[in-house]
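**Q** Quick one: the structure is below, questions incoming.
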Amino acid sequence: MKTQRTKIGSNRLAGPSRRKILGAAAAGAAAMAASPFWFNIARAAAETIKIGFPVPLTGPYGAEAKQQAACAQIAVDEFNAAGGFNGRMAELLVRDSKLNAGEAATRTLELIEKDKVDCVVGSLSAAVQLAVNNVTKTRKVLYVSISQSDQITAMPDYSRYTFHEALNPHMTAGAVARYVLPKFGKKVVFLTPDYAFGHELVNGYQAVGKELGLQMLDNVLAPIGATDFSTFFPRIQSLHPEVLIVNNFGRDQLNTLKQVASFGLNKQMHIAVSVLLYGQRLAGGPEIFEGVVGGSNYYWRLEDKVSSAKHFNAAYRKRNNGAEPSDYGAYGYAGTYAVLSGIKKAGGTDTEKLIAALEENRYDPYKGTEYFRKCDHQAVQSVLILEAKPKAKMSNQYDVFDIVEIDPADEKNLRSCAEEGHV
Amino acid sequence: MSPNFLLLQAFTGFALGAIYVLLAVGLALVFGLLTVINFAHGAMFAVGAYIGIFVFGLTGNFWISLVIVPLAVGGIGLVVERVLVRPLYGRGIDYPLLLTFGLSYVLLDLIRILWGKQGLPFDAPDALSGAVDIGIGYFPLYRLFLIALTAALLVGLWLFIDKTSYGLVIRAGARDPEIVRVLGIDIARVWLMVFGIGTGLAGLAGMLAAPLQGVFPEMGTPALMVAFVITVIGGMGSLVGAVVAGLLVGLAESFTAIFAPQFSQLSMYVIMVLVLLLRPQGLFGRAGLLG
């Protein structure tokens with residue numbers, strides 16, 4: 001997919017010539033008094049609000065990244081359709097980070113230096129978002145991350161320019177543990193990708209699991225980039241866990257569940273997935289997901305309870321032939337919505353004023369009211385527990401999950417500010 | 001640790017090894033007989049998987065795809081050999097290496113343009129889905145099918161090369177192309193055939209791996225790595241070496257997974273380093289093939 005731009009971008013083409021004329025006019029002594037005033041008005045009207053959006057369109061998380069970008073565009077379109085802010089329209093500049101920290105940092109730097117973006121939203125990967133955050137915080141540019149990470153809201157990675165719209169592994173693991181352990185059993189084996197996201201999830205389970213009586217029989221660390229998980233299965237089977245918790249994400253999640261089902265593990269133990277993905281479920285089909293339980297930030301059926309979900313779904317359906325939006329798509333929408341609503345509240349794109357506005361803002365993009373906790377800028381929000389439906393109970397192709405529990409938005413489900421190193 | 005657990009672990013490694021053999025055999029064939037290091041092997045693997053999806057989409061039949069894919073990818077291989085590789089014979093081993101390296105990037109981008117960057121799911125046919133009891137535990141039917149198919153392919157390949165007169169010409173051509181040419185045999189046609197068979201096998205492996213890991217444009221990269229490591233361990237150009245090394249790597253990966261799962265994929269590189277230090281021509285390789 002190529003970069004997406006709104007039509008608003010064409011306004012900028014008028015800029016140089018207008019500026020040239022202004023420059024010539026300014027040189028004339030007769031225009032001296034009037035020109036500075038006139039110049040400002042012309043600039044303000046032409047200046048679009050630019051949001052940089054680096055996401056890994058290429059690679060194993062590509063499907064989720066594409067959704068993030070598509071839904072962020074919806075937020076931008078809605079903002080523009082409502083007249084923008086004081087006539088200033090918004091523009092989304094999507095860049096492909098290729099799931100590579102170096103690539104992401106370079107694209108982000110370009111967005112800031114060359115494209116002069118007002119802020120950056122995006123990223124998908126616990127590791128890559130830290131690279132983006134490093135660039136934005138040294139350049140003092142506001143960044144809203146829309147991918148799970150515990151590290152980004154904690155010291156030393158956190159900065160006052162850093163906001164985190166996505167759930168974090170600690171709250172996700174907590175919600176899944178509170179549902180799964182009492183219901184399915186406390187003897188658990190984890191299958192975990194060997195990088196930041198996986199480690200943070202397991203840390204989350206262990207922190208919450210203390211009170212719930214979690215017995216971790218093993219934590220099988222799979223190498224990143226593994227496509228075949230079969231060699232881990234005999235060991236998992238021999239440990240006889242009550243629950244296998246799969247921490248893999250994206251395409252790896254689907255491959256894992258596919259192989260888990262083909263080896264019949266799902267007949268011997270309960271299968272839970274920490275971040276259960278709507279897109280992977282659609283791609284994988286009902287059979288291999290049947291009965292799998294997992295955590296999520298969003299599922300479209302939330303519209304039965306929440307009116308902002310209904311609005312978001314309708315906007316997505318209209319653009320996508322009746323299809324339903326995904327969990328990670330919703331992050332793209334929410335992160336962009338948070339910034340744009342913040343700009344309205346702040347009365348402009350000045351970064352300091354925007355930070356103050358976002359810290360105060362109560363906003364409801366798609367799942368009920370959220371707010372950024374002051375100490376770490378983590379979005380306090382609910383976590384959904386979903387269960388994959390068997391084929392017989394699906395009413396249409398998008399009707400793939402039941403919402404079996406909602407862990408409410410509550411700061412007590414987050415790590416404390418002190419634990420994260422904030423004074 | 002129960003004996004059943006160890007047996008199941010060993011069998012899982014064996015099954016994985018069979019898949020690795022399938023990946024490597026085409027590469028080993030082309031290198032052994034043509035001394036061409038085909039860096040586009042991984043890309044052909046991916047092309048095979050995508051053509052498999054395409055044909056499956058048209059026909060809805062896994063078995064028809066299974067026949068068409070090796071023929072189609074083999075056909076692409078014929079064109080590549082005739083148009084791109086042939087002019088480079090006699091110019092040193094690195095010329096075709098660089099050419100196929102570049103070709104792999106072209107093919108990768110062609111796939112991205114034609115089928116998108118996202119990756120597509122691909123399922124085993126219903127007749128081969130599910131798990132069966134093999135006495136020591138349940139094992140997926142599809143993986144058992146892959147073991148059987150790989151064995152059948154290897155036997156077929158061995159019969160063709162070792163027992164037919166065409167195979168005799170191929171072997172003679174690998175040893176001394178000048179003499180074969182003097183005897184009035186069109187050696188260029190033989191090489192064309194071998195390259196076609198090698199790439200056809202890569203394509204077939206890609207389609208067969210698709211139900212295990214899905215289909216995505218970059219799927220050829222790890223496959224190429226595995227194929228190379230196995231070819232180096234087994235001995236450049238040795239088919240027997242590829243089989244032994246493939247199974248060895250599968251078993252090593254499986255047993256490493258018991259003790260240090262995060263290093264399971266590293267095990268094959270450790271074996272490669274040891275082999276290169278102690279027996280640089282590989283377990284079954286002829287010394288001096290690269291000279």
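A short reminder: the numbers here are calculations on the coordinates, not readings from a lab. Here the structure is a predicted model, which means the values were calculated and not measured. As a convention, Cβ positions derive from the backbone with ideal geometry for all residues, glycine included, and neighbour counts pool all protein chains shown.
**Q** What value, in deg cm²/dmol to 500, does the helix sum -39500 (n - 2.57) over DSSP H runs of n ≥ 4 give at 222 nm once divided by the residues of chain A?
**A** Calculated mean residue ellipticity at 222 nm is -13500 deg cm²/dmol.
**Q** Helix A:169-184 against the longest principal axis of chain A: what's the angle in degrees, Cα atoms only, rounded to the nearest 10?
**A** With both axes taken from Cα atoms, the answer is about 30 degrees.
**Q** Normalise the Cα radius of gyration of chain B by 2.2 N^0.38 Å (N = residues in it) and let me know the number.
**A** Dividing the Cα Rg of chain B by 2.2 N^0.38 Å gives 1.00.
**Q** Once the dipole of region B:22-220 is set up with Lys and Arg at +1 and Asp and Glu at -1 on Cβ about the Cα centre, which of B:GLY156, B:GLY75, B:GLY130 lies farthest towards its positive end?
**A** Final value for the positive-end residue is B:GLY75.
**Q** Taking the Cα centroid of region A:180-209 and of region B:55-102, what is the distance between the two, rounded to the nearest whole Å?
**A** The two parts, judged by their Cα centres, are 45 Å apart.
**Q** Once you've got the Cα coordinates, tell me which of A:LYS116/A:LYS318; A:LYS310/B:LYS117; A:LYS183/A:LYS310; A:LYS310/A:LYS389; A:LYS116/A:LYS353; A:LYS305/A:LYS412 are over 25 Å apart.
**A** A:LYS116/A:LYS318; A:LYS310/B:LYS117; A:LYS183/A:LYS310
**Q** Sequence neighbours fewer than 8 away in the same chain don't count; with that in mind, list the aspartates and glutamates whose C-alpha is under 20 Å from A:LYS374.
**A** A:ASP150, A:ASP157, A:GLU165, A:ASP350, A:GLU352, A:GLU359, A:GLU360, A:ASP364, A:ASP410, A:GLU411, A:GLU419, A:GLU420
**Q** With the convex hull built on the Cα atoms of chain A, state its orientation-averaged projected area in nm².
**A** Values: hull surface 84.4 nm².
Dividing the Cα hull surface by four gives the mean projection, 21.1 nm².
**Q** On to the next question. Pairs of alpha-carbon atoms within less than 8 angstrom and 6+ residues apart define the contacts here; what relative contact order does chain B have, in percent?
**A** RCO, chain B: 38 percent.
**Q** In nm, to one decimal, how far is the B:VAL79 label point from the B:ILE113 one, both placed 7 Å along Cα→Cβ?
**A** Label at B:VAL79, label at B:ILE113, 1.3 nm between them.
**Q** Give me a comma-separated list of calculated 3J(HN,Hα) values for region A:281-291, in order, Karplus coefficients 6.51, -1.76, 1.60 applied at θ = phi - 60°, integers in Hz, x for any Gly or Pro.
**A** Per-residue couplings from phi come out as 5, 4, 6, x, x, x, 4, 6, 9, 3, x Hz.
**Q** Hey, how much of the P(r) for region B:137-273 falls beyond 21 Å, as a percent of Cα pairs? Kindly include the intermediate steps, with their values, before the conclusion.
**A** Numbers: 5067 of 9316 pairs.
The answer is 54 percent, as a whole percent.
**Q** Which one, A:ILE245, A:SER296, A:THR138, is farthest towards the positive end of the dipole of the protein assembly as shown when Lys and Arg carry +1 and Asp and Glu -1 on their Cβ?
**A** A:THR138
**Q** Give, rounded to the nearest 20 debye, the magnitude of the charge dipole that region B:172-278 has about its Cα centre when Lys and Arg contribute +1 at Cβ and Asp and Glu contribute -1 at Cβ.
**A** 100
**Q** May I pose another question? Quick check: from the Cα gyration tensor, does region A:154-205 come out rounded (a/c under 1.5), prolate or oblate?
**A** Prolate shape, in that a/c is at least 1.5 and a/b is the bigger ratio.
**Q** Which of the peptides B:164-177, B:96-109, A:112-125 is most tightly packed, and how do the rest follow, going by the mean number of other Cβ atoms within 10 Å of each residue?
**A** Result, highest mean Cβ count within 10 Å first: A:112-125, B:96-109, B:164-177.
**Q** Given A:LEU340, A:ILE355, B:ALA188, which one lies farthest toward the positive end of the charge dipole of the protein assembly as shown, if we put +1 on the Cβ of every Lys and Arg and -1 on the Cβ of every Asp and Glu?
**A** B:ALA188
**Q** Another question about this same structure. For a quick check: sort A:CYS71, A:CYS417 by the number of other beta carbons within 10 angstrom, fewest at the front.
**A** Listed from fewest to most nearby Cβ atoms, that is A:CYS417, A:CYS71.
**Q** Could you work out, residue by residue across B:109-118, how many beta carbons of other chains sit within 10 Å of that residue's beta carbon, and then give the average as an integer?
**A** Details: counts 0, 0, 0, 1, 0, 0, 0, 4, 11, 13.
Mean partner shielding for this stretch: 3.
**Q** Separate question: Roughly how many debye, to the nearest 20, is the charge dipole of the protein assembly as shown about its Cα centre, given +1 on each Lys and Arg Cβ, -1 on each Asp and Glu Cβ, and no other charges?
**A** Dipole about the Cα centre, nearest 20: 1560 debye.
**Q** So what's the convex hull volume per residue for the Cα atoms of the protein assembly as shown, in Å³? Walk me through the numbers before you get to the answer.
**A** On the way: hull volume 133.4 nm³, N = 714.
Taking the convex hull of the Cα positions in the protein assembly as shown, it is 187 Å³ per residue.
**Q** Work out the mean other chain Cβ neighbour count within 10 Å for the residues of B:254-263 and drop it here as an integer.
**A** Going residue by residue through B:254-263 and averaging, the value is 5.
**Q** Using only the alpha-carbon atoms, how far is helix B:94-115 inclined from the longest principal axis of chain B? Give it as 0 to 90 degrees, nearest 10.
**A** Its long axis makes an angle of about 50 degrees.
**Q** Rank these for me by crowding, B:PHE45, B:PHE284, A:PHE53, A:PHE229, going from fewest to most other beta carbons within 10 Å.
**A** B:PHE284, A:PHE229, A:PHE53, B:PHE45
**Q** Given Cβ point charges of +1 (Lys, Arg) and -1 (Asp, Glu) and nothing else, what value in debye, to the nearest 20, does the dipole of region A:210-340 about its Cα centre take?
**A** 400
**Q** For A:ARG95, list long-range residues whose amide hydrogen, built 1.01 Å from N in the peptide plane, is under 5 Å from its own amide hydrogen.
**A** A:PHE53, A:VAL55
**Q** What number, in percent, do you get for the relative contact order of chain A if the mean sequence gap of Cα pairs under 8 Å and at least 6 apart is divided by its residue count? If you can, show how the numbers build up before the last one.
**A** Details: 832 pairs, mean separation 67.0, N = 423.
Taking the mean separation of contacting Cα pairs over the length of chain A, I get 16 percent.
**Q** Which Cys in chain A stand alone, with every other cysteine's Cβ at 4.7 Å or more from theirs?
**A** Cysteines lacking a close Cβ partner in chain A: A:CYS71, A:CYS119.
**Q** Helix-derived [θ] at 222 nm for chain B: sum -39500 (n - 2.57) over DSSP H runs of at least 4, divide by residue count, nearest 500?
**A** Calculated mean residue ellipticity at 222 nm is -24500 deg cm²/dmol.
**Q** If I take every Cα pair under 8 Å that is 6 or more residues apart in region A:79-195, average their sequence separation and divide by the length, what percent do I get for the relative contact order?
**A** 17
**Q** Please give the helix B:3-34 orientation as an angle from the longest Cα principal axis of chain B, in degrees from 0 to 90, rounded to the nearest 10.
**A** Value to nearest ten degrees: 10.
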